[in-house]
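Take a look at the structure below.
The values are calculated or read from the model by the stated rules, or taken from the named source; none is laboratory data. Keep in mind it's a predicted model, so treat the numbers as computed, not measured. FYI the Cβ positions are ideal-geometry reconstructions off the backbone, even for glycines, and counts take in every protein chain you see.
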Amino acid sequence: MFSIEQAKQMAKRLRASLETRDQAVPHATALELVAQQLGYKDWNTASAMLPQESPPPAITFDKPIPILRMFDEIKAREFYLDFLGFSVEFEHRFEADLPLYLGISRDGLQLHLSEHHGDASPGSTVFVPMHNIERLRDELLAKRYGYGRPDIVQQGWGQVLEVHDPFGNRIRFCQS
């Protein structure tokens, strides 16, 4: 819904646009035109019905980034980077000998891996809707990873390709 202030700004922009086309109109005419565009009989009706201020912006959420627990940096890199094909976005340690917090991504999917005790529980599952699941399966099988040869399972909701990391976490890739 528009506010009175937004409607006035629309009228101001309308006047400016018409002036560039040598079609100058009084401010009152621009207000009447905006009121009609917003579905009101005239500006007096619109100004009586429109709220004084804009409503607060709607709450919106960006996509979540799952955090998975890891215990061994070398095994995590072998699984997530070498086998699954993720790339490192960032690495963070408070000091050189403290736990690693690692951000990784692949084709729009972001994951965070953490050695910090309180960040996540081992044995978590992440469900990942996707497209071209057969291509992912073929890519993973071609790597001949020593700890898993995932295959697609047909479920009632779609095709599922599940991989298990060295820390007991599961990623379920699913194509509807």
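Quick look at the values:
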quantity	calculated
Residue that is farthest from the chain's Cα centre (by Cα), among those in the range 102-123 that are at positive phi and not charged (D, E, K, R)	Gly123
Selected residue (only one of Ser47, Ser17 is loosely packed, with under 12 Cβ neighbours inside 10 Å and either among the aromatic types (Phe, Trp, Tyr) or assigned to a helix (DSSP H, G or I) (or both))	Ser17
Within the range 67-87, considering residues that are among the hydrophobic types (A, V, I, L, M, F, W, C) and assigned to a loop (DSSP other than H, G, I, E, B), the one surrounded by the fewest Cβ atoms within 10 Å (Cβ to Cβ)	Phe71
Members of the range 112-138 found to be out of contact with any strand residue (DSSP E or B) (no Cβ under 9 Å at 6 or more places or on another chain) and farther than 23 Å from Leu68 by Cα, listed by number	Arg135, Asp138
Single residue of the range 124-164 satisfying the filter (in a loop (DSSP other than H, G, I, E, B), surrounded by fewer than 11 Cβ atoms within 10 Å (Cβ to Cβ) and under 24 Å from the mean Cα position of the chain (by Cα)) that is modelled with the lowest pLDDT	Trp157
First in the range 78-91 and without any contact (Cβ under 8 Å) to a residue 40 or more places away in the chain and more than 16 Å from Ile65 (Cβ to Cβ), second anywhere and surrounded by 13 or more Cβ atoms within 10 Å (Cβ to Cβ) and among the β-branched types (Val, Ile, Thr), Cβ under 6 Å, 6 or more apart	none
